[in-house]
Amino acid sequence: MAEVAAFLGVPRVPEDPPRANMAPGQEVLTLTATGVQHMRWGLIPAGRKNARGRPVLETIVNARSETLFEKSAFAGLHRAIVPADGWYEWTGAVRRKTPHAISPQDGGLLAFAAIYDIWRAPGGRGVPQVATVTCAPSEDVRHIHDRMGLLLERKDFATWLSGPEAEASALLRPWPAGRLNVRPAGDVDWSGP
């Protein structure tokens, strides 16, 4: 956790035991302009209604960078960062998919751009929720997937978290080629914590 805190530029982070995999609906460590906290991965857009005027309760796990600052579903949301040491992508036919582990070439951590909000559950309880932002794949990932998480350089954290929208928009681009390691991940223990 000390490595994660140093990477995020904060004195400390809440305890978060290492896991082989994180899935939507789970709590993930999230950096906001006000600090680090756990948030539920999956965002229910507040105030969004369907054609009949009923609230939309579908969960958004990823938000496309191309429409992030245009869609009304994302209006009023805040920006965040989700740290991780990599992610998995799956390729192949249904029921025969192959997992690929993607991690930084230098073995360090990655910072995924994200958006967040506090959803008000029935009864008024606040649930912090986050969705990661996706973009076109880098050259390293293109052969296995047509999208990838939007990764941020450490120098751009402050701009993403609290900079003007025009400056944050300039960060919506694929990660540079040659910086990610992509390998088969068939040996991962998916039953981990």
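The table that follows gives values for the structure above.
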| read-out | value |
| --- | --- |
| Residues located in region 1-46, provided they are among the hydrophobic types (A, V, I, L, M, F, W, C), under 29 Å from Arg120 (Cβ atoms) and part of a loop (DSSP other than H, G, I, E, B) | Val10, Val13, Met22, Ala23, Ala33, Ile44, Ala46 |
| Residues (farther than 23 Å from Ala75 by Cβ and either hydroxyl-bearing (Ser, Thr, Tyr) or part of a loop (DSSP other than H, G, I, E, B) (or both)) located in region 147-156 | Glu153 |
| Selection from region 4-19 of residues that are closer than 19 Å to Ala33 by Cα and touching a residue at least 40 places away in the same chain (Cβ under 8 Å) | Val4, Phe7, Leu8, Gly9 |
| Cβ-Cβ under 8 Å pairs, at least 6 apart or on other chains, region 102-113 side within 12 Å of Leu152 (Cβ to Cβ), far side of a type in the set (Ser, Thr, Tyr) and assigned to a strand (DSSP E or B) | Leu110/Ser103; Phe112/Thr132; Ala113/Thr132 |
| Test: residue in region 82-99 that is surrounded by 11 or more Cβ atoms within 10 Å (Cβ to Cβ), part of a strand (DSSP E or B) and without any contact (Cβ under 8 Å) to a residue 12 or more places away in the chain | yes |
| Residues satisfying the stated conditions in region 57-77, i.e. modelled with pLDDT of 90 or more, of a type in the set (S, T, N, Q) and surrounded by 13 or more Cβ atoms within 10 Å (Cβ to Cβ) | Asn62, Ser65 |
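Condition check ((1) surrounded by 11 or more Cβ atoms within 10 Å (Cβ to Cβ); (2) at pLDDT 95 or above; (3) in a loop (DSSP other than H, G, I, E, B); (4) under 18 Å from the mean Cα position of the chain (by Cα)) across all residues:
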site	(1), (2), (3), (4)
Gly107	no, no, yes, no
Ile118	yes, no, no, yes
Gly123	no, no, yes, no
Thr132	yes, yes, no, yes
Glu139	yes, yes, yes, no
His145	yes, no, yes, yes
Ala158	yes, yes, no, yes
Glu167	yes, yes, no, no
Trp190	no, no, yes, no
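The values are calculated or read from the model by the stated rules, or taken from the named source; none is laboratory data. All values derive from a computational prediction rather than experimental measurement. Because the Cβ atoms are built from the backbone with ideal geometry, glycine has one as well, and the counts that use them run over all protein chains shown.
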